[in-house]
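So the structure is just underneath, and the comments pick up after that.
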């Protein structure tokens with residue numbers, strides 16, 4: 001699995017680096033929501049819930065590479081900052097997540113007026129979680145025996161990582177564009193289980209609404 005992830009990411013990086021030369025490039029920023037579902041996961045015990053939503057923002061460069069006719073390749077690299085707060089047994093719990101998205105979409109555009117067009121897109125999204133912190137009150141939460149803050153450094157009794165930072169998602173979206181300004185909506189479904197503990201399951205779905213400007 002690790003080798004497959006490296007091959008996929010390397011292939012995507014090569015494609016994007018080559019296509020940026022002839023693509024329309026710009027920047028996108030906006031709102032983001034991540035819906036999580038846990039099943040028999042250590043995190044569902046920590047958070048006192050099997051479902052939780054994190055909210056925040058995303059920002060990063062985008063590009064649009066024309067292929068033929070109304071079809072183009074739409075991609076980007078987004079930094080995501082997401083948080084959630086809960087109160088469990090008088091304890092205030094805050095989750096803070098930092099991650100990167102690399103969406104690669106096939107886009108179809110439909111002009112309907114001078115300078116105006118609508119578009120739809122679909123394709124994979126590669127997500128990598130750089131860090132995630134869980135705070136309980138004024139004390140940063142750590143499971144017994146854990147040495148570091150981010151949950152992606154937590155290990156079990158066999159010294160194995162408990163959670164996987166990499167996720168592969170599949171999604172679709174739509175938007176409207178006026179000249180170089182576009183409003184975009186996307187929804188991505190998590191395909192991988194990020195919980196590596198025995199019997200545990202953790203999957204993420206992500207929604208984004210963003211405003212993009214291409215030069």
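The values are calculated or read from the model by the stated rules, or taken from the named source; none is laboratory data. Only a predicted model underlies this, so the values are computations on that prediction, with no experimental measurement involved. Reconstructed Cβ throughout: ideal geometry from the backbone, glycine too, with neighbour counts over all protein chains shown.
When you scan segment 71-78, do you find a residue that is farther than 22 Å from residue 182 by Cα, part of a strand (DSSP E or B), modelled with pLDDT under 95 and in contact with a strand residue (DSSP E or B) (Cβ under 6 Å, 6 or more places away or on another chain), even just one? Looking for residues that are farther than 22 Å from residue 182 by Cα, part of a strand (DSSP E or B), modelled with pLDDT under 95 and in contact with a strand residue (DSSP E or B) (Cβ under 6 Å, 6 or more places away or on another chain), one finds none in segment 71-78, hence no. For segment 168-179, the criterion of a residue being assigned to a loop (DSSP other than H, G, I, E, B), at pLDDT below 95 and either closer than 21 Å to residue 51 by Cβ or in contact with a strand residue (DSSP E or B) (Cβ under 7 Å, 6 or more places away or on another chain) (or both) is satisfied by no position.
Regarding residue 84, is this residue under 15 Å from the mean Cα position of the chain (by Cα), more than 28 Å from residue 181 (Cβ to Cβ) and either at pLDDT 95 or above or surrounded by 14 or more Cβ atoms within 10 Å (Cβ to Cβ) (or both)? So residue 84 does not fit the description; no. In the set (1) within 19 Å of residue 76 (Cα to Cα); (2) at pLDDT 95 or above, the condition left unmet by residue 117 is number (1). Taking the criterion of being part of a loop (DSSP other than H, G, I, E, B), in contact with a helix residue (DSSP H, G or I) (Cβ under 7 Å, 6 or more places away or on another chain) and at pLDDT 95 or above, no residue of segment 185-204 qualifies.
Does at least one position in segment 42-53 carry a residue that is surrounded by 15 or more Cβ atoms within 10 Å (Cβ to Cβ), in a strand (DSSP E or B), at pLDDT 95 or above and touching a strand residue (DSSP E or B) at 6+ places or on another chain (Cβ under 6 Å)? There is no residue in segment 42-53 that is surrounded by 15 or more Cβ atoms within 10 Å (Cβ to Cβ), in a strand (DSSP E or B), at pLDDT 95 or above and touching a strand residue (DSSP E or B) at 6+ places or on another chain (Cβ under 6 Å). Among the criteria (1) within 17 Å of residue 151 (Cα to Cα); (2) crowded, with 20+ Cβ neighbours inside 10 Å; (3) modelled with pLDDT under 95, the one residue 94 does not fulfil is (2).
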